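Colleague: Please see the structure below; I have some questions.
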Amino acid sequence: MSPTVDDLRNEIRVATGRHERLVSTGFTKEALAAVCTELGYDVGDGGLPAKELMRAEIRSRVGLVDDADPESEGGAFRKADLEAIADAVRED
């Protein structure tokens, strides 16, 4: 049986040093920043980039898109996105 979206999110959270969530919820800015850091994208010090920018950068880093454009690639992650991200953080 394939993992659910919630299972994939929690796997990604744990792989990036975050805590599992008991309820279904999307990624917080802090969780997205942890994924970015795990994938080698420096989110900088101080204020975090917008969620859309971090999602686009994550998609680009795991090979789902060619360009990290938050205008076209910054929306919520779909299951296929989460599967690719989980694969990428498993490798590290």
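The values are calculated or read from the model by the stated rules, or taken from the named source; none is laboratory data. Keep in mind that this is a model prediction, so the values were computed, not measured. Cβ sites come from the backbone with ideal geometry, for glycine too, and all protein chains shown count toward neighbours.
Colleague: Right, Val35: among the hydrophobic types (A, V, I, L, M, F, W, C), surrounded by 15 or more Cβ atoms within 10 Å (Cβ to Cβ), touching a Pro at 6+ places or on another chain (Cβ under 7 Å) and at pLDDT 90 or above or not?
Modeller: So Val35 fails the test.
Colleague: Related question: Restricting to the stretch 61-87, name every residue that is out of contact with any Asp or Glu (no Cβ under 8 Å at 6 or more places or on another chain) and of a type in the set (A, V, I, L, M, F, W, C).
Modeller: Hits for the stretch 61-87 are Ala76, Phe77, Ala80, Leu82, Ala84, Ile85.
Colleague: Still on this model: With the stretch 1-78 as the region, which helices (runs of 4 or more DSSP H) entirely inside it contain at least 2 residues that are under 16 Å from Arg90 (Cα atoms) and within 10 Å of the chain's Cα centre (by Cα)?
Modeller: 5-15, 29-38, 51-61
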